[in-house]
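Only the coordinates and a few stated rules stand behind these numbers; no lab work does. All figures in this text were calculated on a predicted structure; none of them were measured in a lab. Cβ coordinates were reconstructed from backbone atoms using ideal geometry, including for glycine residues, and neighbour counts include every protein chain displayed.
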Amino acid sequence: MTNSADGLNQRQIIHREVWETKKALRLLYRDYHRQLFESCPEGAVLDIGGGTAHIKETRSDVVSVDILSFPGIDVVADAHRLPFGNGLFAGVVMLDVLHHLERPIEFLKEASRVLKPGGRLVMIEPAMTTLARRFYDRYHEEPVDMNADPFASVAINPDRDPFDANQAIPTLLFATAPARRRVEETIPSLRVRSVDWHSLFAYPMSGGFQKWSLIPAALVSPTLAFENLVPAILRKHLAFRMMVIVERI
């Protein structure tokens, strides 16, 4: 998509317009942001892929980084090469960002570098579960390539669209114990502390950043409460997202 006269990408503008008009979406993301921040130790937090900076409505002191400029973004930078010193942050948070990154292992190493010992990288990402993968394959504009190797070396493409993605990447890296062990062996400074199956009903019903929604704002909170009661064995098949917590040791 082309940029507007003030330098903003048209997709950013559309996302912000949807954000401002969909209360149900704002309530969902407020809950996501709460979970991200509560999973981090006390201290400075870095937000990667801040997009249109709506996370600052939950916590204004977070440092937001994105590869594209937008009001509220503090630093414009590539997530693979963060312009910060070692060990500056107690937490790094991301929401639907990892699957957009061209070289995820390189990014994880960079996240480890900027985290303090005991600091945490907390991510909420698409999950290729039994139900969700069918939805993502058929109805979502971003591709799903389960045959990709997220550990493979990839040449830097300076012309790559920052919205390019493979929604399978988080699942390939964190959904199974062998994959998590490989992450830890590849980056010995990191340990995967937990993987939770997330976003069962309210998120897909909201339509995300599409203009439509099947859930009124008044039902978001009770639906999220019901989701928390669903047993883990079912969540693993129904979830549309996964929440991953990785700790710098």
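Miscellaneous remarks
- Residue exposure proxy: VAL192, VAL244, VAL230, ordered by other Cβ atoms within 10 angstrom of their Cβ from fewest to most, comes out as VAL230, VAL192, VAL244.
- Projecting label points 7 angstrom from Cα along Cα→Cβ for GLN35 and LEU8 puts them 2.8 nm apart.
- The order of the peptides 95-101, 66-72, 125-131 by mean Cβ neighbours within 10 Å, most packed first, is 95-101, 125-131, 66-72.
- Within a Gaussian network of the chain (alpha carbon springs, distance under 10 Å), most fluctuating of ILE156, ILE105, ILE13: ILE156
- The stretch between ASN86 and PHE135, if pulled fully straight at 0.36 nm per residue, gains 13.7 nm over its current Cα-Cα span.
- Here the alpha carbons of the chain define both size measures, Rg and Dmax, at 17.2, 50 Å.
- Backbone N under 19 Å from the ASP149 label point (7 Å along Cα→Cβ), restricted to the stretch 104-120: 104-109
- Semi-axes of the equivalent ellipsoid for the stretch 177-247, Cα gyration tensor, largest first, Å: 30, 14, 10
- Note on the chain: antiparallel DSSP beta bridges, both residues inside, total approximately 50 percent of the bridges counted.
- Remark on the stretch 99-204: hydrodynamic radius 15.0 angstrom, per the Kirkwood mean of 1/r across alpha carbon pairs.
- In the stretch 104-182, trypsin sites (Lys or Arg not before Pro) in a DSSP loop with at most 16 other beta-carbon atoms within 10 Å: ARG160
- Computed helical MRE - 222 nm, the chain, DSSP H runs ≥ 4 contributing -39500 (n - 2.57), nearest 500: -10000 deg cm²/dmol
- Exposed-loop-free span, longest in the chain, where GluC sites (Glu not before Pro) count as exposed if DSSP calls them loop and at most 10 other C-beta atoms lie within 10 Å: 142-249
- DSSP-defined antiparallel bridges as percent of all bridges, the stretch 1-145, nearest 5: 5
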